[in-house]
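Chemist: The structure that follows is given in the form of structure tokens.
The values are calculated or read from the model by the stated rules, or taken from the named source; none is laboratory data. This one's a predicted model, so the numbers in the text were calculated from it and none came from an experiment. When we count neighbours, we look across all protein chains shown, and the Cβ atoms used for this are built from the backbone with ideal geometry, even at glycine.
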Amino acid sequence: MDENMQKQTEILEKEISDERDKLSTDRMDISFGELINLYKNGELIIRPEYQRLFRWTLKQKTALIESILLSIPIPPIFVAEDEEGIWELVDGLQRVATFISFFGELNTDVSVLPYQIDDEDDVEEDGEISIGNKWTLEAGGLIQSLEGFNIDTLPTKYKINLKRSVCRVEILRGESNTAMKYELFKRLNSGGSKATPQEIRNAVYRAVNPAINDLISELSQNQSFQKLTALTTQKKRELYDHELVLRFVAFLNNAEKINENTEGFLNSFMEESVKKEKFDTRYYKKIFNQVIAMIDDIGDEKVFRNKKNLFVTSDFEGITIGLAQNMKYYTENTELLKSKIRELKEDKEFRRVSGVASSSKNRIKARLKRANKIFSSVSNK
């Protein structure tokens, strides 16, 4: 082995060793019945306020029960363990929620759902939202006669069989590096119902300090913000409204500090923020609500949309942050604010750094600086 390759090998070995040291994991096999007991005793936490609790169709839920009855292996679930030994479910939510609800033990208070269901007809059409305990099975893919049975009518021996069936639990111990938790759960979430970066952020960082998550959740419910962004139900399910609020909070006054792409910087901001003993939630709450109220006052519900009526994230960032940094000029001048928003949306330089690859660190920094320059230039006041 030549000298260069030997050095590269040493670097590789050190990086692998360092990353392994950041991660503390364990695993165990546990019965589904015990999972129910842990949940009922508050030792297994499901946080539906930041996870997509009900996303499976009846067909998918029936398939899970059928698989357990037939002893077909079930993928493992992943939990994060806190300092008190409490488990917080991060991956495997659909399976666990399905099983617990089948036995009638799931807290299904709709007030904890991460979005408001406005159109029940739409919900029934996509078949994604199914709230309720002791639900009834449909015909299985292998066992057609499952149709019509629920936990009360299923023969006792099969109820016992379900409870005694074993599930593999992968445990991420409390001492694991938080950034490593994010990376791990990001990689775990693959397949047909992939978790979004914001869902993973909420799952990982809330366990450290819930203050910033609570702030983001509260601000995302601002009625004017909801009206101006007018996100689709799907986007709300994916917590994109939460991510937009996080972008505002993280990017505000931080253009010079951005040294990663959007996802990386938002993660780093969360990582740093949850470690602060006193995160200044009142400051961000006040300025966000003021900015949204001022934008709402101009009376343009499509302010963040392009000519094709598509929501433009870069416009949201530029307008809200540009205004937040220069509010003193616009507090009582709605017409000036209108003109500045129009100027930003038509600005060639702003548009140039808002298109393809707009999440790169250089484009984010350039976009925020340009927005600040536009909103701080008030010579035509």
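Chemist: Conditions first: (1) closer than 30 Å to Gln221 by Cα; (2) modelled with pLDDT of 90 or more; (3) surrounded by fewer than 16 Cβ atoms within 10 Å (Cβ to Cβ). Tyr39 passes all but one, so which condition is the exception?
Modeler: Tallying (1) closer than 30 Å to Gln221 by Cα; (2) modelled with pLDDT of 90 or more; (3) surrounded by fewer than 16 Cβ atoms within 10 Å (Cβ to Cβ), Tyr39 fails exactly one: (3).
Chemist: Could you tell me which numbered condition Val169 fails, if it satisfies all but one of (1) at pLDDT below 90; (2) crowded, with 17+ Cβ neighbours inside 10 Å; (3) not in a loop (DSSP other than H, G, I, E, B)?
Modeler: (1)
Chemist: Take Ala230 and tell me if it is at pLDDT 85 or above, among the aliphatic types (A, V, I, L, M) and farther than 16 Å from Phe269 by Cβ. Write out each step before concluding.
Modeler: On the way: at pLDDT 85 or above: yes; among the aliphatic types (A, V, I, L, M): yes; farther than 16 Å from Phe269 by Cβ: yes.
So Ala230 passes the test.
Chemist: Pick from region 342-378 the residues that are among the small types (Gly, Ala, Ser) and closer than 16 Å to Gln325 by Cα: which of them is surrounded by the most Cβ atoms within 10 Å (Cβ to Cβ)? Steps first, please.
Modeler: Start the filter on region 342-378 by keeping residues that are among the small types (Gly, Ala, Ser), which leaves 354-355, 357-360, 366, 371, 376-377.
Imposing the further condition that a residue be closer than 16 Å to Gln325 by Cα reduces the set to 366, 371, 376-377.
Numbers: Ala366: 18, Ala371: 29, Ser376: 12, Ser377: 13.
Filtering region 342-378 for residues that are among the small types (Gly, Ala, Ser) and closer than 16 Å to Gln325 by Cα, the one surrounded by the most Cβ atoms within 10 Å (Cβ to Cβ) comes out as Ala371.
Chemist: Go through (1) in contact with a helix residue (DSSP H, G or I) (Cβ under 8 Å, 6 or more places away or on another chain); (2) surrounded by fewer than 18 Cβ atoms within 10 Å (Cβ to Cβ) for Ala324 and report which single condition fails.
Modeler: Of the numbered conditions (1) in contact with a helix residue (DSSP H, G or I) (Cβ under 8 Å, 6 or more places away or on another chain); (2) surrounded by fewer than 18 Cβ atoms within 10 Å (Cβ to Cβ), the odd one out for Ala324 is (2).
Chemist: Name the residues in region 280-305 that are farther than 16 Å from Arg247 by Cα, assigned to a loop (DSSP other than H, G, I, E, B) and either of a type in the set (Phe, Trp, Tyr) or in contact (Cβ under 8 Å) with a residue 12 or more places away in the chain (or both), would you?
Modeler: Ile298, Asp300, Glu301, Val303
Chemist: Now, a different point. Mind listing whichever residues of region 115-155 are in a loop (DSSP other than H, G, I, E, B) and modelled with pLDDT under 50?
Modeler: Step one: of region 115-155, the residues in a loop (DSSP other than H, G, I, E, B) are 115-119, 127-143, 147-155.
Of everything in region 115-155, those that are in a loop (DSSP other than H, G, I, E, B) and modelled with pLDDT under 50 turn out to be Tyr115, Gln116, Ile117, Asp118, Asp119, Gly127, Glu128, Ile129, Ser130.
Chemist: Looking only at region 92-114, count every residue that is of a type in the set (D, E, K, R) and either modelled with pLDDT under 65 or assigned to a loop (DSSP other than H, G, I, E, B) (or both) and tell me the total.
Modeler: Total meeting the criteria: 2.
Every residue, every condition in (1) more than 21 Å from Lys257 (Cα to Cα); (2) among the charged types (D, E, K, R); (3) in the same structural domain as Asn222 (by TED's automatic domain parsing); (4) touching a Ser or Thr at 6+ places or on another chain (Cβ under 9 Å), yes or no:
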{"position": "Glu272", "(1), (2), (3), (4)": "no, yes, yes, no"}
{"position": "Lys276", "(1), (2), (3), (4)": "no, yes, yes, no"}
{"position": "Tyr283", "(1), (2), (3), (4)": "no, no, yes, no"}
{"position": "Ile287", "(1), (2), (3), (4)": "no, no, yes, no"}
{"position": "Ile292", "(1), (2), (3), (4)": "yes, no, yes, yes"}
{"position": "Asp297", "(1), (2), (3), (4)": "yes, yes, yes, yes"}
{"position": "Phe311", "(1), (2), (3), (4)": "yes, no, yes, yes"}
{"position": "Leu323", "(1), (2), (3), (4)": "no, no, yes, no"}
{"position": "Arg367", "(1), (2), (3), (4)": "no, yes, yes, yes"}
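Chemist: Of the residues in region 206-227, how many are assigned to a loop (DSSP other than H, G, I, E, B) and either touching a Leu at 6+ places or on another chain (Cβ under 9 Å) or modelled with pLDDT of 90 or more (or both)?
Modeler: Taking region 206-227 and keeping what is assigned to a loop (DSSP other than H, G, I, E, B), we get 206-210, 221-222.
The next check asks that each one be either touching a Leu at 6+ places or on another chain (Cβ under 9 Å) or modelled with pLDDT of 90 or more (or both); those that pass are 221-222.
Total satisfying the criteria: 2.
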